[in-house]
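See structure below.
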Amino acid sequence: MTLPSRKPNWLRRTSPAAPTATAQPPADAPAAPGPEPSRHRGSVVQASVYRDGLKVASPGTLAETFRRLREEPDGMAWIGLHRPSEAELLSLAAEFNLHELAVEDAMEAHQRPKLERYGDTLFVVLRAARYLDAQEEVDFGELHVFLGADFLITVRHGAAPDLSAVRRRMEETPELLALGPEAVLYAILDAVVDGYAPVVAGVQNDIDEIETEVFRGDPEVSRRIYELSREMVEFQRATRPLVGMLHSLMAGFAKYGTDEELQRHLRDVADHVTHTSERVDGFRQALTEILTVNTTLVTQQQNAEMRALAEAGFEQNEEIKKISSWAAILFAPTLVGTIYGMNFDHMPELHWVYGYPFAILLMAVVCTSLYVIFKRRDWL
C-alpha cells in the first residue's frame, strides 16, 4: 500500500507567510554572523529539511535550517537539540511562533508527561527510560517535542532517548516520512515506549534477585528494595500519563483525518504503553509485598536472636549459681580452718582432746547443710 504524500489537516498552519524581520533569529543578523552558528552548533544534534519524505538539506546551524525551510514551501524541518541554551529556544520560538509557556517548560525541564495544544502547535513532553546494567538502576531522560505544520523540534534533557535510530528508520521509509511531522511524532512515541521493554526486563531480573536475597537473609536487601521502589514510582509517573495522552490522540483520528497507517502505528504504541503500565503497577505491588515479607523475616530473625541471647543469659546464670554454691560450701571449712590456724596460745578448745574431731565434724555439717539447701533451690 502506498501512503499518500500529504500533511494531516490538523497540522496545517493558519499563517504560512514568511516571518517578518522582527521575527528573525539572531543568527540571521548580518552584524554578528560569527558567534551565533558556533553557539547553535553546540546543542544541535542534527537538523534536516525534507520534501516528500526525502532529505534535501542537512544544515549545520539553526539559522541555515530556517533559511532552507523557507526555500522549500512544501518542506518539513526536523531539528534535534540536546540541552539547548535560552537564546536558541527563543530563536526557535520567534521563527515558529512557539508559545511562551511551552518554551518556558522546555527551558526548565523536569516536567510531567503531557500533551498540550497551543494554537497550531502541539507540545508533547515524554519521559524516556533506560536500564543501566552495571549500576543495576533505571536512568530517566526527558524529551520535549514541538510539532507544527512544517516542523518538528525535539529538545532532549538527559542521555535517553537516542533519536538517531528513529531518524534513520524514518529516512529509510520515505512514504511514511512524507506524511509529515505527525508521522515523526508517532515514530518518536514508538521509540520511547519500545525503550521501556529493556527496563521492564531489567527490573524483573532485579526483583527475582531481591526475592533470593530476602530469603537468604542479606542485610543490604532492605536498602535495595527501597531504591528500586523509588525508581518504580518514577517509572510509573513516566508511563501512566502516556495512556491518556495516546487515547487523546486516537480520539482525534476522525476529526483531523489521520492517515490509516498512522492510526495503526498509534494503536500499537497504545497497546504497548498499557502493557508496560500494568507491568509497572505489578512491580510496585510485588515490591511492597517483598518489603512486608522481608520485614517479617527480619523480625523473626531478631526474635530468634533475642531468644538465643536470653537462653545464653539463663545458662550463664545457672553456671554462676553453681559456682556461687560451691564457693559458699568451700568457704565454711576454709573459715574454720583459718581460725584454728592462727596459732595463738590462748584460744578456746586449743588444748581440748575432742577439739580436732569437733572441728572436722562442724565443717562437714556446715558443708552438708549448705549443699542440701542449694540442691533444693536448684542451684546445684
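The values are calculated or read from the model by the stated rules, or taken from the named source; none is laboratory data. Remember, it's a predicted structure, so these values are computed and weren't measured experimentally. Neighbour counts are summed over all protein chains in view; Cβ atoms, including those assigned to glycine, are modelled from backbone coordinates with ideal geometry.
Here is how the numbers come out for the structure above:
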{"read-out": "Among (1) under 39 Å from the mean Cα position of the chain (by Cα); (2) surrounded by 13 or more Cβ atoms within 10 Å (Cβ to Cβ); (3) of a type outside the set (Val, Ile, Thr), the one test that residue 305 misses", "value": "(2)"}
{"read-out": "The range 134-147, subset over 23 Å from residue 104 (Cβ atoms) and under 13 Å from the mean Cα position of the chain (by Cα), residue surrounded by the most Cβ atoms within 10 Å (Cβ to Cβ)", "value": "138"}
{"read-out": "Only listed residue being closer than 21 Å to residue 277 by Cα and not basic (Lys, Arg), chosen from 136, 116", "value": "136"}
{"read-out": "Any hit, the range 207-219, residues being assigned by TED's automatic domain parsing to the domain that holds residue 109, over 20 Å from residue 273 (Cα atoms) and among the basic types (Lys, Arg)", "value": "no"}
{"read-out": "Qualifying residue in the range 271-281 (condition: modelled with pLDDT of 90 or more and either more than 22 Å from residue 115 (Cα to Cα) or in contact with a strand residue (DSSP E or B) (Cβ under 8 Å, 6 or more places away or on another chain) (or both))", "value": "yes"}
{"read-out": "Residues within the range 90-132 that are of a type in the set (Lys, Arg), surrounded by fewer than 17 Cβ atoms within 10 Å (Cβ to Cβ) and under 29 Å from the mean Cα position of the chain (by Cα), tallied", "value": "2"}
{"read-out": "Wholly enclosed strands (runs of 3 or more DSSP E) of the range 1-119 bearing at least 1 residues farther than 16 Å from residue 146 by Cβ, modelled with pLDDT under 50 and out of contact with any Ser or Thr (no Cβ under 8 Å at 6 or more places or on another chain)", "value": "none"}
{"read-out": "Out of 165, 178, 201, sole residue that is exposed (fewer than 14 other Cβ atoms within 10 Å of the Cβ) and farther than 20 Å from residue 143 by Cβ", "value": "201"}
{"read-out": "Top-ranked residue in the range 148-188 [being among the acidic types (Asp, Glu) and touching a Lys or Arg at 6+ places or on another chain (Cβ under 8 Å); ranked as farthest from residue 106 (Cα to Cα)]", "value": "171"}
{"read-out": "Some residue of the range 185-195 being assigned to a helix (DSSP H, G or I) and more than 19 Å from residue 277 (Cα to Cα)", "value": "yes"}
{"read-out": "Some residue of the range 259-271 being of a type in the set (Lys, Arg), under 29 Å from residue 111 (Cβ atoms) and buried (at least 16 other Cβ atoms within 10 Å of the Cβ)", "value": "no"}
